Amino acid sequence: MTGPSCRRKHRPSGRRGERGARVARHSTPGPGRIARRESGAWALGSRAAGDGAEGQALPSQFNAWAPAPPGDFVQLPVPIIQQLYHWDCGLACSRMVLRYLGQLDDSEFESALQELQLTRSIWTIDLAYLMRHFGVRHRFCTQTLGVDKGYKNQSFYRKHFDTEETRVNQLFAQAKACKVLVEKCTVSIQDIQAHLAQGHVAIVLVNSGVLHCDLCSSPVKYCCFTPSSHRCFCRTPEYQGHFIVLRGYNRTAGCIFYNNPAYADPGMCSTSVSNFEEARTSYGTDEDILFVYLDS
């Protein structure tokens, strides 16, 4: 199968980074909240009882808005965009990131999907190529440079494994020539927090069956679903790959903030660092994380 074109979109030089910075500083992060920058880190103050539905209070044991020392609390104004199907969570995450950077144009995005031949099977390497297509500075970190043959017997990968193996391996092989930055490396939670503290964001592959949001009244809402039936199919013991967008953290509370494209309401999600680490390092994820930079 022929790999996607390495062409990147032409954009005027010297302005994109400034535009992204303006969006990050001035976009409205949500009802009753104010974004601000403190000591080199993005922070968020709250004038309401909690995030999401009006008047919804956060659990006392997990108060994401608790006072934190400067630099220990980061909350980026990343918009929520809901996925349309059970398979397009990665594309929804890419839309969130591009909108945060001030670069999302729906018609251009659809054209990019056609040019890169992105269909119903989306891997992290596909998202890296998508970022490159839009000229967005990125860094894709993974434990496996290609397809892990051990996934062939996993139900999540089994259906499309044989056809996807060649395509995905080819993308990894062409990455350097196409200026898609891919590294085999281990990423720590400290690395992730340092990245977010600079106003940057990241798309992370997690096991949705493990990830649990502490701010949601019903975890089932955050499963992948088919819009026609809203039937949950992720809450199984087996691995279920799902992409989320990281948007901040609170070191004092020991939590990570993220957007889950599977459900748009009440908005931002939050989980403990330990739960996030378990979800992103589950067998099947390859610990994939796509760092995206504001100064693209």
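The values are calculated or read from the model by the stated rules, or taken from the named source; none is laboratory data. Treat the numbers as computed from the prediction; the structure is a model and nothing was measured. Here the Cβ positions follow ideal geometry from the backbone for every residue, glycine too, while neighbour counts run over all protein chains shown. Surface accessibility is based on the protein's heavy atoms, side chains included, excluding ligands, DNA and RNA. Shrake-Rupley method; radii C 1.70, N 1.55, O 1.52, S 1.80 Å.
Among the protein heavy atoms, those of GLU238 account for about 100 Å² of accessible surface (1.4 Å probe, every chain in place). With the simple spin-label model, which puts each label point 7 Å out from Cα in the Cβ direction, the THR144 to SER272 separation comes to 2.9 nm.
When each of the peptides 131-140, 166-175 is scored by the mean number of other C-beta atoms lying within 10 Å of its residues, the order from highest to lowest reads 131-140, 166-175. Taking all protein chains together and rolling a 1.4 Å probe, VAL187 ends up with roughly 10 Å² accessible.
The residues of segment 251-296 have, on average, 28 Å² of accessible surface per residue, using a 1.4 Å probe with all protein chains present. A probe of 1.4 angstrom, applied to the heavy atoms of all protein chains, finds THR163 with accessible area near 90 square angstrom. Spin-label model, CYS185 to ARG120: label points 7 Å out along the Cα-to-beta-carbon direction sit 3.7 nm apart.
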